[in-house]
1. Answer yes or no as to whether Ile150 is farther than 17 Å from Leu105 by Cβ and either open to solvent by 20 Å² or more (accessible area, probe 1.4 Å) or of a type outside the set (S, T, N, Q) (or both).
2. Return yes or no: is Lys119 assigned to a loop (DSSP other than H, G, I, E, B) and charged (D, E, K, R)?
3. For segment 8-39, how many residues are open to solvent by 20 Å² or more (accessible area, probe 1.4 Å), in a loop (DSSP other than H, G, I, E, B) and touching a Leu at 6+ places or on another chain (Cβ under 8 Å)?
4. Does Leu190 count as of a type outside the set (D, E, K, R) and closer than 30 Å to Ala21 by Cβ?
5. Being touching a residue at least 60 places away in the same chain (Cβ under 8 Å) and farther than 21 Å from Arg206 by Cβ is the filter here; which residues of segment 295-308 pass it?
6. Among (1) modelled with pLDDT of 95 or more; (2) open to solvent by less than 60 Å² (accessible area, probe 1.4 Å); (3) closer than 23 Å to Ile196 by Cα, where does Leu249 come up short?
7. Among the residues of segment 1-16, how many are out of contact with any helix residue (DSSP H, G or I) (no Cβ under 6 Å at 6 or more places or on another chain) and either of a type in the set (S, T, N, Q) or without any contact (Cβ under 8 Å) to a residue 40 or more places away in the chain (or both)?
8. Among Gln208, Gln189, Gln217, Gln177, which is the only one that is of a type in the set (S, T, N, Q) and surrounded by fewer than 19 Cβ atoms within 10 Å (Cβ to Cβ)?
Amino acid sequence: MRVVVVGATGNVGTSTVQALAADPAVTSIKGLARRRPELSVDKTEWAVADVRDTDLVPHFRGADAVVHLAWLFQPTHAPMTTWRANAIGSSRVFAAAGEAGVPALVYASSVGAYSPGPKDRAVAETWPTHGWPAASYGREKAYVERLLDIFQAEHPECRVARLRPGFIFKREAAAEQRRLFAGPFVPGQLVRPGVIPVVPDIPGLRFQALHSADAGQAFRLAVTDEDARGAYNIAAEPVIGVDELAGLLKARKLSLPARGARAALRAAWTLGMVPASPDLLDLALHIPVMDTSRARAELGWAPEHTGLDAMREFLDGLRKGAGMDTPPLAPETSGPFRLRELLTGVGRRP
């Protein structure tokens, strides 16, 4: 198989490329990214492409499968910028796949595409995907699901699979995720068990996580399994709530109403202290718990790490300044003393 991975150099992209490279059924991989990485992976060639304006058809011609992972999380203060990359960019990826006659398309959706749902029971892939419209991330993920519905209707000859993972972590992505969500003022060396005294006990704070390597294996299976079609929920055990977070950090729980947490985050976001918008907190509090039995039964997917293992790796990477030799994951991308992060206005400019 010849596989093209769009958005190949980030957290999930690097893991997916590595998983595909280790599969004997995959003979070659083309990794597309806005910036060429120094990373070397077996069977893989890199090409510079931007989903917003690059002609993607030549890159897709002759491919047996295209995996679409590209996503822009920042700047949260400029939603038109993320909309152009995520919504319009995805529409260009799908159109190019159709024009190039790609036999299989695998798309990275998200738990964030789901409508608000229960936290005390797991929902299957049939749960509505209208997102949480107040958050750009949920709004855009839901919109792209509709674009994919249209693509499926117009291209029945193409096998389409969409994966909806929970929160994805690995050690090498720690610098990128701190930069995208926590910002330049978080001292990574101090994020360790026993140092953070309390964990906010916010009603509805329950979520699912998984290791990036396990996400990569899920995408590999969706590519290589000719019967893989439709949606698959992807997450590891356990469901993570305040008790699990407190145990992970060896911290006490501090009861905090959602309104207070939202107000504090909004103030920090407005003042340019953090890049993550308060709407992301609302989305996290409303997303449902997912049932992953379809991926396990039909894809044969089984995560090797627990969600807590993945979070431990992330925290370890945060303390040690871990990264990989790609522009999104390299700690050096932040610049000396995180100066480049500050120059973006902390979520105000790309």
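The values are calculated or read from the model by the stated rules, or taken from the named source; none is laboratory data. Note that the structure is predicted; figures quoted are calculated from it, not measured. As a convention, Cβ positions derive from the backbone with ideal geometry for all residues, glycine included, and neighbour counts pool all protein chains shown. Just the protein is used for accessible areas: all its heavy atoms, side chains included, with ligands, DNA and RNA removed. Shrake-Rupley method; radii C 1.70, N 1.55, O 1.52, S 1.80 Å.
1. Working: farther than 17 Å from Leu105 by Cβ: no; either open to solvent by 20 Å² or more (accessible area, probe 1.4 Å) or of a type outside the set (S, T, N, Q) (or both): yes.
Judged against the criteria, Ile150 is not a match.
2. Numbers: assigned to a loop (DSSP other than H, G, I, E, B): yes; charged (D, E, K, R): yes.
The answer is yes for Lys119.
3. 0
4. Numbers: of a type outside the set (D, E, K, R): yes; closer than 30 Å to Ala21 by Cβ: no.
Against the criterion (of a type outside the set (D, E, K, R) and closer than 30 Å to Ala21 by Cβ), Leu190 does not qualify.
5. Of segment 295-308, the ones touching a residue at least 60 places away in the same chain (Cβ under 8 Å) are 295, 298-301, 303-308.
Across segment 295-308, the qualifying residues are Glu298, Leu299, Gly300, Trp301, Glu304.
6. (1)
7. Selection size over segment 1-16: 2.
8. Working: Gln208 fails: surrounded by fewer than 19 Cβ atoms within 10 Å (Cβ to Cβ); Gln217 fails: surrounded by fewer than 19 Cβ atoms within 10 Å (Cβ to Cβ); Gln177 fails: surrounded by fewer than 19 Cβ atoms within 10 Å (Cβ to Cβ).
Matching residue, one of Gln208, Gln189, Gln217, Gln177: Gln189.
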